[in-house]
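In what follows, a structure is listed as structure tokens, so that the remarks can point back to it.
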Amino acid sequence: MSWRQRWFPNGEWVLLVVLAGEILFFSAVAPGFFTLGNFFEMTRFSVELGLLAVALTPVIVAGGIDLSVGSMMGLAAVSFGAGYHAWHLALPLAAACAVLVGCAGGALNALLIAKLELPALIVTLGTFSLFRGVAEGMTQGAVNYTGFPSSFLFLGQGYLGGVIPTQLPVFGLIVAAYVVLLHRSVIGRALYAIGFTAQGARYAAIPVARRIGLVYLLSGLVASIAAIIYIAHLGQARSDAGTGYELDAITAVVLGGTSVFGGRGTIWGTLLGLFALAVLQTGLHGARSVAEKELQVKNSQVAVLCGAILAGSLIVAGTNVWLLRAVGAGSRGSDGHPSPAAPRRTVIAVMPKAKGDPYFVSCRAGAEEAARELDVDLVWDGPTSLDAAKQNELVENWITRKVDAIAVAVENRAGISTVLRKARERGIHVLTWDADAEPDARDFFVNQATAEGIANALTGEASRLLGGKGEFAIITGALSAANQNEWIAFIKKRLEDTHVGLKLVTIRPSDDDRDKAFAETQTLLKVYPSVKLMMAISAPAVPGSAEAVRQAGRKDVSVIGLSLPNINKPYVHDGVVQTVVLWNTRDLGYLAVYASALVTGNKLAPGARALQAGRLGQIEVRNREIILGAPMLFNRSNIDRFDF
Amino acid sequence: MSHTLLSTSSVSKSFEGVCALRGVSFDLKAGEVHALVGENGAGKSTLIKIMTGAEQPDAGTLTVAGRDVPHMTPALARSLGIAAIYQQPSLFPHLTVAENLALALETGTVWRRVHWTARRNRALALLEEAGAAIGPERLASTLSMPEQQMVEIAKTVGAAAKIVIMDEPTSSLMDDEVDRLFNVIGMLRTQGAGIVYISHRLEEVFAVSDRITVLRDGETVATRDTRAIDRSELIQTMVGRALTAVFPKRPVAPGAVAIELRRLSNRALGIHDVSLSVRRGEVLGIAGLVGSGRTELAETLFGLVPADGGEMLLHGEPVRIESPSHAIRLGIGYVPEDRRQHGVVLDMAVASNASLASLDAVSSRGLIDRAAERLLAESYVERLRIKTPSVSTQVGALSGGNQQKVALARWLSIGPEILILDEPTQGVDVGAKAEIHALIQDLAERGIAIIMISSELPEVLGMSDRVAVMRAGTVSGVLSRTEATQDRIIALALERP
Amino acid sequence: MVKTHRREMSVASAITALALVLAVAAPGYFSGENLGDLFMASLPVLLVAIGMTLVVVTGEIDISVGSTFAICGVAAGILSKSGVPVWLASAAACLLGAVFGSLNGALVAYLGIPSIVVTLATMTALRDGLRWATEGAWVQDLPPAFQWLGLTQTEFPFVAAIVTVMLTSAFAWGLGHVAAGRAIYATGSNPRAARLAGLNTSAVKWMVFTVLGALTGLAAVLNAVRFNQIPSNAGIGLEMKVIASVVVGGASVAGGTGRVMGTVLGVVLLAAVGPALTFLGVSAYWERAIQGGIILVAIAAEGIRHPAYRRLASAAASARAQA
């Protein structure tokens, strides 16, 4: 057997070449890419995903699939959090509890797939919903366990010997265990035989059901370990941990040469797939900004180079989505507004929670307005959809690029704080906007409106419309959305304190989908005929809910909510929607960039009580929070004056 | 004999640099059966793939009904009246028999309506004509191998094809089914069709063919009239060397009883009240129709589906075999009938295949010792004369006979005391067949009790010390070597009054 | 024709059990109004699932339907807004769906790229393309004739119902009784045998993807006209709902099996559960867990009733191995 067949039976060497190509290219175009520090940061971000991918490799080699690993992370995370906080277990016991839950979930998959011989795809599609659902049910979507001791967080955020991320040795250990299991052990050989032909394996006296059961059990177990590292990394245990990870993990496995039909695949192939993706993603974020500037100077050269690299990786990674996603993001990066190259201009990097969201698109308009007024370079980049880990990655990137100021709309408070602190240590000014990080991790927080202010405005409007007495229902976004859950908590408090006549009968999710909000409202109107007011607190949910009320002809039901003016104008004019609560998003973006520029120019010190923000005039600063003002109420009289 | 229906002249084809055919010329006349023989790997399959358009030749021409066909495709072949029956039936497992026939035979636009009753009736008629009693509403996935092959035969009957290519059509058929096939062949021949007939069973070749073409190493060695050649000459032409005795059976003094069955039953598999015993050093042949419970008996003994009634005694001790791994611990090995599906893992290397049932022997504490595994495999490659470039070659790349030897190696490596061989020489060429027979004899001489299931009566008669005949899930009779004749076995298998 | 209806029976029993519980605990569920609303809400999933059944029967999969759904809705809106008559805009949207479908189909059938790869790529590319083009803005200020396709709010559901029932029956009947339908099963059941039987399996695959695209376009239009503005992020997660319905309804992702009737039952089960839980007063936070549990019970019932052992040497396995 030649060495190539032995080590790269499925052409994994191609990935090695791609990986080397990627590293060479990005080292050339992205300053600070080729450093040990950057390498270790990258591996840190890959550990949770890597664990899932490694655990999935034997599953897929044996001809199966496990879609439930991401959901299992959520369930294990919640079990860990609940064990530590609600049941007051010691940390090791809480971890044991999470691992136990992981094993139980894996055992359920194993039972259904190995024992009852049901198709793995459908079974794990079912447990995919079941595990996530139980996690949501346990926490009611809202509970977010934080406040873990720093000795535990060290596992996810600390360094061994000052350079090696703590979780890396753990990852290495599990990888080594899997290499032995799959490539050296009797069990691994059996898995390959099963993957090629399950019937044939039976005839070779291999206990097929037991072997298949084992890999699903292990996959549950490893998912729970990934959950524990995830909690230590991000500092919080929520029911939405690991959402979407199953698809990314499968992508890494398949890219690494494992056949989805079973029988072929190696652990190191999976690792190569994982790192080829991680390097490409990190590299693209770093390289994009450089390309933006150089486009001015040597436009064609860079474009050709970028194109060649991307086309090359595309061909190799024919099986890979994630890559395409990254390429899609890369090509869109150039729609940023490059400014003329000048010696040392101020660069302000602003991150929304999600780039495509209309809310943040309207913020961006204000941010660009401020950047033009102040003549600074604006980098506007963020995850394409809500993704806390991606935010951390981007900040790392910006640190490497040495921008002057970073302003982040935080998706995950505890998770991002470590990296923001690191940015501050490196002399970069850090602000947060829209949602805050830990106070010691940023200079200022641009606060558009407090959760309490929003809750009070919404409850006040509800009380006014219902005449102080009556039933209402809430349509929220996703059940685990942090902002919405905070608002709901304040709304409930306000009901107890002041508006005792109002009764909240139920809370339904809309998953930020207009059509789902529509369907949910239709059902609510029938199940709770006495409900006279729908309070929708996710932007697309308000028009969805309003359309349902209108089509039902229920003129006795009012709709209010938190949303954008434009999409609600028809309903506000029809009288279906009475009030839309929101701040001026354009002003929020404007203020975020303005304040960042002032901080960078040392014109805004921590003790300041006020600042002058261009066309917004005097803005109040309270305890390092820059207050945009009270939330606005849009109604028939004023809504046409706003366009966002 | 009249005009030429199909001919190839100087056809060559190579796969990844390996020459499969070298300037092969072949012709088929109307109303004749032209047999194509040769050892495995001689190029027979490649030649028929070229005739049916599944492969394109690198050089040479294909002529059908006097016209050159430069680019043959399966669809064109069909429209030119070429039909094929392959060794392995290619049916649609999720569809019914009637539909399988319809898909092969019906023509017309894709928007035409499907007439289920008409389909069913036509299927009934065709199956009748082919001599098969199969319900047209059955799903193809529920058919046994011979039943599937009968459906394939019904297809060619229905296609009213001018040129019918049969590649090992009888490898899974019992004698009476073979007779029915020969009837169909006779009928097609009188209708003026030409038949290309490929088989390893030389008796059949002599019984049915008019001419014989011998291929060896991708070249035409000879084309003769069947009457002008005898068996030994044909074999010599095929293998290029003279073969000695056809069956190397030598009497072995039988030892103690290794395994005894007393009214063993397995309702899940449809076998009942099987009583048998096999001694060490003895070869017990098991004959019977396909579906008579022979393979099911083997699967019960091997623990794939545990028995649910009766007794099994191993060396005098009662046992109940729960699983294949249990069977292995008790020293029972089983070389299954379906080599490609069950006997070996085609995508795995020779070494991994050979060690798959005896991994404990080449591992310590659950970890495989690769060096020990290679040594084990190499020793069997040498002992069984397995022709393979190396032990890390994938088994799928080997010929059928060598694949079967790898399957044997897997079970010899557990050091069995009882070895069950299910159709050990099916689809294996003449040379390898003789080697496997010699090996069986050798194993028996070493004191292993051997149970050999075979549909080939000469093999059963030639190799067995005793022959058990099965019918309808139980043993209908056991014959000693001296008692056993073809007639008596067939009588017991059919229980003709 | 496949004679075993085990999965269908299993799913139908689950639906019956659910209906019995509802009849006792929340009879309001069976009001005409609620059933009508449920039907309209599940209509997009149903139409797409029928197309998906064809694709799954050929042994392929399409996970780009959610993105196609969003683009077709937006395209119909933009066209009507620019003055194109609404029926013409709708037809154009269906056509656009067919074009995207045929693109997927061509890549799968003629270039031989695995469908999961192709459609994962088009899913991302189309979704990101739309996000880039609209910047998240909704299509607004549609002409009044757009909503309800120029009909009234009471007429439209009947028209939609007639169209859907006709299409569903046509596909259900056609798959069983038209030669082209049988070619789809043949392609998925044993591609090699299908080619040997002279079927153009590439054309069959290309065709089913195109049909799925067109049905997705139609679903997008019928859904979009229920509103007076069109969100640019519609259909996120549609592919999961559709595939879940199809596989719960008995189609095997390995190809060769699956029927429209089973898919309809799958759609009904999954669409009925969510609102049913609201009617039963179950907290929204437990809904997903219960839905997952119901899927598992529905399919596990089949596995428990029919013991695992089947004939070892199954023809299906050997046929697949040859392919």
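Read the figures in this text as sums done on the coordinates, not as results from a lab. Quantities reported herein were computed from a predicted structural model and do not represent experimental measurements. All Cβ positions, glycine included, derive from the backbone under ideal geometry; neighbour counts span all protein chains shown.
Miscellaneous remarks
- Net charge of Cβ neighbours under 10 Å - reference residue A:135; Lys, Arg +1; Asp, Glu -1: +1
- Helix-only CD estimate at 222 nm, as mean residue ellipticity for the protein assembly as shown, using -39500 (n - 2.57) per DSSP H run (n ≥ 4): -17000 deg cm²/dmol
- Taking a ≥ b ≥ c as the square roots of the Cα gyration tensor eigenvalues, chain B comes out prolate, since a/c reaches at least 1.5 and a/b is larger than b/c.
- Phi-based couplings in Hz for the range C:79-88 (Karplus 6.51, -1.76, 1.60; Gly and Pro marked x): 5, 5, 5, 7, x, 5, x, 5, 5, 5
- Extreme residue, positive dipole direction of the protein assembly as shown, given options B:153, A:245, B:126 (C-beta unit charges): A:245
- Mean shadow area of chain C, taken as a quarter of the surface of its Cα convex hull (nm²): 17.7
- Gyration tensor (Cα) of the range B:346-413, equivalent ellipsoid semi-axes in angstrom: 19, 11, 10
- The range A:36-265: translational diffusion in µm²/s, Stokes-Einstein, Kirkwood Rh over Cα pairs, 10 °C, 1.306 mPa s: 90
- Total formal charge among the other residues, if their Cβ is under 12 angstrom from that of residue C:65, Lys/Arg +1 and Asp/Glu -1: 0
- Cβ crowding within 10 Å ranks B:52, B:63 as B:63, B:52, fewest other Cβ atoms first.
- For the range C:52-123: span of alpha carbons on each principal axis (Å, largest first): 41, 20, 19
- Shielding of peptide B:334-346 by partners, expressed as the average count of other chain Cβ atoms within 10 Å per residue Cβ, is 6.
- Modelled label positions at residue C:152 and residue B:273, each set 7 Å beyond Cα in the direction of Cβ, lie 8.0 nm from each other.
- Histogram of C-alpha separations across the range A:39-147, 10 Å bin width, %: 14, 39, 33, 13, 0
- Working value for the range B:67-130: equivalent-ellipsoid semi-axes of 24, 16, 12 Å, each the square root of 5 times a Cα gyration tensor eigenvalue, largest first.
- Counting only the Cα atoms, the range A:373-500 fills a convex hull of 140 Å³ per residue.
- With both labels modelled 7 Å from their Cα along Cα-to-Cβ, the residue B:472 to residue B:236 distance reads 4.9 nm.
- Normalised contact order of chain A, rounded percent, pairs of Cα under 8 Å and 6 or more residues apart: 14
- Efficiency of FRET between residue B:187 and residue B:112 - r from beta-carbon atoms, R0 25 angstrom, step 0.05: 0.30
- Spherically averaged projected area in nm², based on the convex hull that wraps the Cα atoms of the range A:450-574: 6.7
- Here the 3J(HN,Hα) profile of the range A:578-583, calculated from phi with Karplus coefficients 6.51, -1.76 and 1.60 at θ = phi - 60°, is 8, 9, 10, 9, 5, 8 Hz, Gly and Pro shown as x.
- Computed over the range B:257-310: relative contact order in percent, which uses C-alpha pairs under 8 Å that are six or more apart: 43
- Taking Lys and Arg as +1 and Asp and Glu as -1, the other residues whose beta-carbon sits under 13 Å from that of residue A:606 total +3.
- Of the three principal axes defined by the Cα atoms of the protein assembly as shown, the extents in descending order read 114, 72, 66 Å.
- Cβ-based exposure ranking for C:13, A:68, in which fewest neighbours within 10 Å come first: C:13, A:68
- Of C:225, C:86, C:297, the residue with the greatest mean-square motion in the GNM of chain C, using alpha carbon springs below 10 Å, is C:297.
- Two-site label geometry, residue A:528 and residue A:640: point separation in nm, points 7 Å out along Cα→Cβ: 3.5
- Long-range amide H partners of residue A:89 with built H, under 5 Å: A:84
- Chain B, relative contact order in percent, only Cα pairs under 8 angstrom and at least six apart counted: 15
- Share of pairwise Cα separations in chain A, more than 48 Å, in percent: 18
- R0 of 35 Å, Cβ-Cβ distance residue A:13-residue B:79: FRET efficiency to nearest 0.05: 0.15
- Other-chain or far-sequence residues with amide H under 5 Å of residue A:563's (modelled H): A:581
- Rg/Rh for the range B:39-176 stands at 0.99; both radii use Cα atoms, and Rh follows the Kirkwood definition.
- Mean shadow area of the range B:4-239 over all directions, Cα convex hull, nm²: 13.0
- D_trans [Stokes-Einstein, Kirkwood Rh over alpha-carbon pairs] for the range A:529-644, 20 °C, 1.002 mPa s, µm² s⁻¹: 134
- Between residue B:201 and residue B:128, full extension at 0.36 nm per residue minus the direct alpha carbon distance yields a gain of 23.7 nm.
- Cβ charges +1 (Lys, Arg) and -1 (Asp, Glu), total dipole of the protein assembly as shown, debye: 340
- Calculated on the alpha-carbon coordinates, the convex hull of the range B:120-217 measures out at 107 cubic angstrom per residue.
- A Förster radius of 41 Å, combined with the Cβ-Cβ distance separating residue A:556 from residue A:93, puts the computed FRET efficiency at roughly 0.15.
- Extension gain, residue C:173 back to residue C:82 (0.36 nm per residue minus Cα-Cα distance, nm): 28.9 nm
- Ordered by the count of other Cβ atoms within 10 Å of each Cβ, fewest first, A:46, A:71 give A:46, A:71.
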